[in-house]
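Data block below; observations after.
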Amino acid sequence: MNNLCTDIGFKSVNKKGEQLCGDHIEIVDQNENSLVLVLADGLGSGVKACILSTLTSKIISTMIANNLSVEECVSTIAATLPVCEKRGVAYSTFTIIRITNNSEAEIIQYDNPHVIMLRGGENFEYPRTSMEIGGKTIYKSKLQLEKNDVFIAMSDGAIYAGVGKALNFGWQRDSIIDFMVGNYDKKMSAKGISQLLLDECNDLYGGEPGDDTTVAAVKIRQRIPVSLMIGPPSNPGDLKKMQTLFFAKEGKHIVCGGTTSKLASEYLGKPVVPCLDYFDPEIPPIAKIEGIDLVTEGVVTMTKVLEYADSYLNGSISISDLSMKKDGASKIAHMLFEEATDISFYVGRAVNPAHQNPALPINFNVKMQLIDEVSKKLKAMGKNISVSYF
Amino acid sequence: MNVYVCVGSSCHLRGSYKIIELMKENIEKNHLEDKVNLAAAFCLGKCTTGVTIKVDEEVVCGVSPENFSEIFNKYVMGKVQA
């Protein structure tokens, strides 16, 4: 195993007036370090295309993940897909990106715009070999991965963006490369990259896409561990153990909660310096302790983080919205959603006697549920999560 | 003089934000910027009776917008002038 990991982001817009997307993305995680991503674009649009692309991507991802050859995948699809009455063919294009042990990528492409690869922020023309399978020309590539490699797969809706509207001939692959290179930011996540390109396509279409458009980005990142400690241990005798484990973790450290940060400050022998700035009246101010990357209040802040996680997953807020805000919850959200790849929670189960007041809207169960819920959302963002209770 | 306003979870929920705003306003109004150093504090340990403030070493509980001016006059003005 190396210190790289794979970050994936994808997004689609439907052809104007369609409720279903004719493009489909399927991801199979083989283990922590290997995965198969398939982007399929079904013939036509609407329900027919949706069925074709869903079948295609499901079949291919499952077969490839089980080490069957491309030839077998293609013949299975040809034999399985329903034939379109109008056009007399069964057809769905596909792009396969397979990452093995976070060290090798295999790209197999059939009739989708070719995958764009950025290495060090520049366009990288990877070698492609063509082969004929059942009358179809399929391109295969295999290459060794490097840190910050980015693969961008798209359906043809991306290159037709703006045809007859903003641009006469649509947006060629070369122009997309220029756009992505020009807007390259080393820190951008795969989700950010796919969003960036898709938004641009949608803009070129004037918000009325002439075809289903899908962008999937795969980014090879260095693992960035972040550890978060919240709450003192239920048995005070475990405090030393909890703190030692927490501070021994490499990467960034976040401490949440008044008592927890006081204990951490005693452990480190550095004072807690609370900030007075209420950037958001709803979220308590943060504090500073030398040696800890971020110190915040506990329950109220985490509740807000959970809210942000929901909004982030459903697309109503973006990373740039979060990075502009300075309150504790936005700062935690930014570190966990954008920077971190591996997150370890150290959760203390002590009951805060001060919270045992029925007049307070804080209770112990809420706190435990919060961490559960936040972990679930982070998993949905593709993070590796571990939670230890004390 | 140091004045700390607790911004722990319970005090926050009971309105620390408002109290800090009132503190800032009143310190400015009475031209005490040079004399009073306003800061936030993480939990002062009096969660059930917040909002809690600490004036130098004295802890004052149950501060609310309603009793704010009374408390400000007694603990801040009173002591600064003494």
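The values are calculated or read from the model by the stated rules, or taken from the named source; none is laboratory data. Computed from a prediction, not measured in an experiment: that's the story for all the values here. Counting neighbours? That spans all protein chains shown, and the Cβs are built from the backbone with ideal geometry, glycine included.
Among residues belonging to the range A:229-265 that are among the small types (Gly, Ala, Ser) and over 19 Å from B:CYS6 (Cα atoms), point out the one that is surrounded by the most Cβ atoms within 10 Å (Cβ to Cβ). If you could, list the steps in order and put the result at the bottom.
Just the residues of the range A:229-265 that are among the small types (Gly, Ala, Ser), to begin with: A:231, A:234, A:237, A:248, A:251, A:257-258, A:261, A:264-265.
Filter once more, keeping what is over 19 Å from B:CYS6 (Cα atoms): A:234, A:237, A:248, A:251.
On the way: A:SER234: 13, A:GLY237: 8, A:ALA248: 8, A:GLY251: 16.
Restricting to residues being among the small types (Gly, Ala, Ser) and over 19 Å from B:CYS6 (Cα atoms), the top hit is A:GLY251.
Name the single residue that is farthest from the other protein chains (Cβ to nearest Cβ) among those in the range A:269-278 being out of contact with any strand residue (DSSP E or B) (no Cβ under 8 Å at 6 or more places or on another chain) and surrounded by fewer than 16 Cβ atoms within 10 Å (Cβ to Cβ). Checking each candidate, the answer is A:GLY269.
Quick check on the range A:298-323: of everything there that is of a type in the set (S, T, N, Q) and in contact with a Ser or Thr (Cβ under 9 Å, 6 or more places away or on another chain), which residue is farthest from the other protein chains (Cβ to nearest Cβ)? The qualifying residue farthest from the other protein chains (Cβ to nearest Cβ) is A:SER323.
Pairs are defined by a Cβ separation below 7 Å, a sequence spacing of at least 6 or placement on different chains, a first member in the range A:51-67 that is over 10 Å from A:VAL36 (Cα atoms), and a second member that is surrounded by fewer than 22 Cβ atoms within 10 Å (Cβ to Cβ) and at pLDDT 90 or above; the pairs so defined are A:SER57/A:GLU26; A:LYS58/A:GLU26. Would you point out the residue of the range A:225-247, among those that are of a type in the set (Gly, Ala, Ser) and farther than 25 Å from A:ALA333 by Cβ, that is farthest from the other protein chains (Cβ to nearest Cβ)? Here the answer is A:GLY237. Across the range B:11-67, what is the total count of residues that are free of Cβ contacts under 8 Å to residues at least 24 places away in the same chain and among the small types (Gly, Ala, Ser)? Going through the range B:11-67 one residue at a time, the tally reaches 2.
Just for strands (runs of 3 or more DSSP E) wholly inside chain B: which have at least 3 residues that are within 12 Å of another protein chain (Cβ to nearest Cβ)?
Values: elements: B:2-6, B:37-41, B:53-55, B:58-60.
In chain B, the matching strands (runs of 3 or more DSSP E) lie at B:2-6, B:37-41.
You will find that of A:SER53, A:SER61, A:SER12, the residue that is at pLDDT 90 or above, of a type in the set (Gly, Ala, Ser) and within 26 Å of A:TYR312 (Cα to Cα) is A:SER12 and no other.
If you filter the range A:279-292 down to residues that are under 16 Å from A:LEU228 (Cα atoms) and surrounded by 19 or more Cβ atoms within 10 Å (Cβ to Cβ), you find that the one that is farthest from the other protein chains (Cβ to nearest Cβ) is A:ILE292.
Being within 11 Å of chain B (Cβ to nearest Cβ), surrounded by fewer than 24 Cβ atoms within 10 Å (Cβ to Cβ) and among the hydrophobic types (A, V, I, L, M, F, W, C) is a property that A:VAL295 lacks. Taken over the range A:312-368, residues that are at pLDDT below 85, over 30 Å from A:SER194 (Cα atoms) and either in contact with a strand residue (DSSP E or B) (Cβ under 9 Å, 6 or more places away or on another chain) or part of a helix (DSSP H, G or I) (or both) amount to 8.
Does any residue of the range A:75-91 turn out to be of a type outside the set (D, E, K, R) and closer than 26 Å to A:GLY382 by Cβ? Reasoning before the result, please.
So the first thing to find is which residues in the range A:75-91 are of a type outside the set (D, E, K, R), and the list is A:75-84, A:88-91.
Pick out the ones that are also closer than 26 Å to A:GLY382 by Cβ and you get none.
No, every residue in the range A:75-91 fails to be of a type outside the set (D, E, K, R) and closer than 26 Å to A:GLY382 by Cβ.
Within the range A:250-283, the residues that satisfy the criterion of being at pLDDT 90 or above and aliphatic (A, V, I, L, M) are A:ILE254, A:VAL255, A:LEU263, A:ALA264, A:LEU268, A:VAL272, A:VAL273, A:ILE283.
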